[in-house]
Amino acid sequence: MSFALQSIGDIIEIGGPVVVLLVAISVLTLAVVLYKLWQFARAGVGRHRALTSAVAAWDRGDRAAARNELASSRSYLAPVVDMSLSAGPRDVARLEAEAEARFARLERGFRFLDTVAQLAPLLGLFGTVLGMIEAFQALQDAGARVDPSVLAGGIWVALTTTAVGLLVAMPTAAALSWFEARMDAERVTASRAIHTILSPREGTPAATATANHA
């Protein structure tokens with residue numbers, strides 16, 4: 001029977017403890033990925049239209065519009081931007097630290113996903129080694145009466161664990177890469193908002209107020 005037609009139970013039975021461990025890791029990994037997707041959606045990651053409008057209004061000197069737009073924003077970065085509106089150029093480090101604290105909460109679980117992406121292929125390789133050891137041990141025990149099916153069984157176990165390890169690692173690495181790309185974009189958005197507010201275009205009321213604050 002081909003690998004595609006094997007049930008999960010059959011694969012676990014063939015692969016042994018290594019595959020059982022990999023299946024358990026895959027379930028936990030799926031739970032983490034789904035939680036991160038929910039967390040990102042709840043925080044409004046990537047949805048900063050009102051916040052961006054507020055920053056643009058501030059940059060052109062329309063303080064009232066900026067505060068109104070910011071009040072309607074549901075972005076997790078809105079409190080940081082709100083702090084920026086009443087801060088001065090010397091407060092950049094503090095504002096960036098506030099933003100980083102929020103990024104850190106969103107990035108919890110990334111280390112786990114990275115570990116899984118790196119460890120799963122190694123576990124698969126470990127299962128491969130065990131399968132080959134079993135195959136050659138059976139070959140040695142058979143002596144002159146070699147049964148090809150005995151050797152094939154060990155090789156089948158080896159290939160199964162390798163495939164399962166890669167099957168767990170590849171989507172995990174892809175999910176982690178997507179999450180990290182989103183967070184890189186979030187950092188750019190936060191940095192641009194903070195620096196735009198603290199250094200508005202010259203000649204605007206916001207620029208004058210910032211200069212007086214400094």
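Quick notes on this structure:
- Hits in the range 14-39 - residues which are in contact with a helix residue (DSSP H, G or I) (Cβ under 7 Å, 6 or more places away or on another chain) and over 25 Å from Gly131 (Cα atoms): Thr29, Val32, Val33, Lys36, Gln39
- Residue check, Leu51 aliphatic (A, V, I, L, M), farther than 30 Å from Thr172 by Cβ and in contact with a Ser or Thr (Cβ under 8 Å, 6 or more places away or on another chain): yes
- The range 155-174 - residue that is touching a Ser or Thr at 6+ places or on another chain (Cβ under 8 Å) and open to solvent by less than 20 Å² (accessible area, probe 1.4 Å) and, of those, farthest from Gly131 (Cα to Cα): Thr172
- Tally, over the range 171-187, of residues that are farther than 16 Å from Arg102 by Cα and touching a residue at least 24 places away in the same chain (Cβ under 8 Å): 4
- Reported count of residues in the range 101-123, each being open to solvent by 30 Å² or more (accessible area, probe 1.4 Å), within 17 Å of Trp38 (Cβ to Cβ) and not in a loop (DSSP other than H, G, I, E, B), is 3.
- Lone qualifier among Ala43, Ala66, Ala78 - being touching a Phe, Trp or Tyr at 6+ places or on another chain (Cβ under 6 Å), crowded, with 18+ Cβ neighbours inside 10 Å and modelled with pLDDT of 85 or more: Ala66
The values are calculated or read from the model by the stated rules, or taken from the named source; none is laboratory data. Keep in mind it's a predicted model, so treat the numbers as computed, not measured. Don't worry about glycine lacking a Cβ; one is built from the backbone with ideal geometry, like all the others, and counts go over all protein chains shown. Accessible surface areas use protein heavy atoms only, side chains included; no ligands, DNA or RNA. Shrake-Rupley method; radii C 1.70, N 1.55, O 1.52, S 1.80 Å.
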